[in-house]
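S.K.: Attaching a single structure in structure tokens format; questions to follow.
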Amino acid sequence: MRSGGSPMASADAAITARGLHKRYGRHVALASLDLVVEPGQVVGLLGPNGAGKTTTVKILTGLVRPTGGTAELFGVPVADPPARSRLGYLPEHFRFPEWLTGLELLRFHARLAGRDPRRDADWLHELLALVGLDGRGDERIRGYSKGMTQRLGLAQALVGAPDLVLLDEPTSAMDPLGRREIRELIRTLARDGVAVLLNSHLLSEVELVCDHVVVIDRGTVLRSGTLDEVRSASLEVRIELERVDQRARDLVAGYGRIIATDDHEILLGTDDPDVVPRLAADLVQSGARVRALVPLRRSLEDAFVGLVRKEES
Amino acid sequence: MTALPITRLSMREAVSRRLVVVGLAISAAFLVLFALGFGALYSRVATEDDLTELAFAASMITVLGLYIVRFLAALLAIFLSSSAVATEIDSGVLHAVLARPLSRTSWLGQRWLAFVLVTVGYVSLMTVAVIAIANGIAEYAPLDPWRAIVVIALELAVLLSLGLLTSTTWSAVTSGVVTFSLFGVAWLAGIIELIGDQLRNETMQLIGIGTSLVMPSDALWRGASFYLQSPSVLVATRAAGGGNPFAGSAPPTTSLIAWSVAYATCLLAIAAWRLRRRDI
């Protein structure tokens, strides 16, 4: 996955979006968004409310027309219906015809995806079992709980055996057990070479299942890369000295911003993950007596909050 | 069969709605009532032993019965089409469907076809039933009921196209009210034109013709009703230079048919164009 700047997509990239722009009246939902997702990658799309996540997903599914930029799925512009033949999509807010049974809904979507539901009868049952709806396929959707409907939505997204799956908040109505099952399912998909773009508010979930992350806010990409790259994007380093004096503080401040300090410790915030060895050498050279230099491992949530706050300030 | 999945689903949807089931029950009750009423009235007129009056009564009652059938079918068409697009988008039913490799034009066209099949199926069944009852009681034989059904089908297609077009922008209620209002205005204009014909008032005739251009539903009905009357009654009505608000005394003109086909096609094309440009 590459993003930001001008991404170079390989010929078979699942998603290639360049300079996506979307304006609703005066409101700019997407300023200029670049995104490339390769087969087999599980990419988490993160951002605060109104950042442009759902708009991005809707442009990629052809539901929303961008006011600028281009978007392609497997090299075909999203506006062309064939671009969506290898796509599975679980929308954030969706409703299925309640008078259908779960199995009937899957048959309908199988037809739309160009499959023959009669020949695929076994596959549809397999799919129901895969999302935890084994034996419930003949019940009307009217009687499904929220969690069950979401599971059916996931089965619907997978019914065409897609090579790219876009999941918009796929576990918002599920219990922890359900979430765990869905994570397993996403990992299995990725192992089979399916590209997954996951849009979720649950950062812990993204952390558990995604190998790449794109953080967006106000319609632009703030940071993207592997999970580790993004997590270390706004690093904190705890510096323990025998005594913190003005000279040490000035020196450390040259490497980033000082978050907190007392007589023995300085907490440094920086964007540069390679800062630690250089800082150590400089401190020793300046005569400071270094007791410890600890890069603090941050959760995705910390990194996310750091990135968005920095952008806001 | 994997063809036309949207048409198949839309037809099932139309039939599964409670209102349609209730509509069918009301229609069945209507047929019983029609048979009873027709029988009673006809036997009373029959005692008067005037053959012309007999034929006229049978023709009038049958056309009135079919007028109600056509009115119910028009209501069904307006009801089905006016909630077919915006409501589906707002409720989130369409998101997963339109993300499939299916063009929005195809989706709309398939839905339109489903509604045409449902409403025309309803009209055909009811027309055949009403005429069979009239034929059974009074040996009533209309001029050409199949032609009438084709013209009514065209009227329904026009209403469905308009309903779909308005529903690409407006909610079910607004779209339904707008479409039904135009349907009503066309009916009123039809009466104005009829009176204008009889009074030879050019302004009134022009109002009627102009309105038929904006909404040809009533002109189509009057054309269709020509084929539903018995030949002897038609000859008598035309000789008297008459007609009435429920039945016309002339077949639909070729230009009316051509205009209506073009009208329905254009409205549907505009609806598809609007839907293609709409963010969902």
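S.K.: Go through (1) modelled with pLDDT under 90; (2) in contact with a strand residue (DSSP E or B) (Cβ under 6 Å, 6 or more places away or on another chain) one by one and return the number of the condition B:Ser225 breaks.
M.R.: (1)
S.K.: How many of the residues in the stretch A:40-70 are out of contact with any helix residue (DSSP H, G or I) (no Cβ under 9 Å at 6 or more places or on another chain), more than 14 Å from every other protein chain (Cβ to nearest Cβ), of a type in the set (Gly, Ala, Ser) and over 21 Å from A:Ala13 (Cα atoms)?
M.R.: Qualifying residue count, the stretch A:40-70: 1.
S.K.: For the stretch A:71-99, enumerate the residues that are more than 8 Å from chain B (Cβ to nearest Cβ), touching a Ser or Thr at 6+ places or on another chain (Cβ under 9 Å) and farther than 23 Å from A:Gly19 by Cα.
M.R.: A:Glu92, the sole residue that qualifies.
S.K.: Which of the residues spanning the stretch A:265-313 are among the basic types (Lys, Arg), over 22 Å from A:Val213 (Cβ atoms) and assigned to a helix (DSSP H, G or I)? Explain how you work it out, then say what you get.
M.R.: Initial filter on the stretch A:265-313 (among the basic types (Lys, Arg)): A:278, A:289, A:291, A:297-298, A:309-310.
After this cut, where a residue has to be over 22 Å from A:Val213 (Cβ atoms) as well, the list is A:278, A:289, A:291.
Once the filter is applied, which keeps residues that are among the basic types (Lys, Arg), over 22 Å from A:Val213 (Cβ atoms) and assigned to a helix (DSSP H, G or I), the stretch A:265-313 yields only A:Arg278.
S.K.: Taking into account only those residues within the stretch A:94-122 that are without any contact (Cβ under 8 Å) to a residue 40 or more places away in the chain, of a type outside the set (Lys, Arg) and surrounded by fewer than 17 Cβ atoms within 10 Å (Cβ to Cβ), which is nearest to B:Ile6 (Cα to Cα)?
M.R.: Here the residue is A:Asp116.
S.K.: For A:Arg223, are the conditions met, namely being buried (at least 16 other Cβ atoms within 10 Å of the Cβ) and under 30 Å from A:Arg23 (Cα atoms)?
M.R.: Against the criterion (buried (at least 16 other Cβ atoms within 10 Å of the Cβ) and under 30 Å from A:Arg23 (Cα atoms)), A:Arg223 qualifies.
S.K.: Residues that are within 14 Å of another protein chain (Cβ to nearest Cβ): find the helices (runs of 4 or more DSSP H) completely inside the stretch B:64-183 holding 2 or more of those.
M.R.: Filter on the stretch B:64-183 gives B:86-91, B:94-98, B:104-138.
S.K.: On to the next question. Is there a residue in the stretch B:14-35 that is facing another protein chain (nearest Cβ under 9 Å), free of Cβ contacts under 8 Å to residues at least 12 places away in the same chain and surrounded by fewer than 17 Cβ atoms within 10 Å (Cβ to Cβ)?
M.R.: Taking every residue of the stretch B:14-35 in turn, at least one turns out to be facing another protein chain (nearest Cβ under 9 Å), free of Cβ contacts under 8 Å to residues at least 12 places away in the same chain and surrounded by fewer than 17 Cβ atoms within 10 Å (Cβ to Cβ).
The values are calculated or read from the model by the stated rules, or taken from the named source; none is laboratory data. Keep in mind it's a predicted model, so treat the numbers as computed, not measured. Note: ideal-geometry Cβ built from the backbone for every residue, glycine included; neighbour counts use all protein chains shown.
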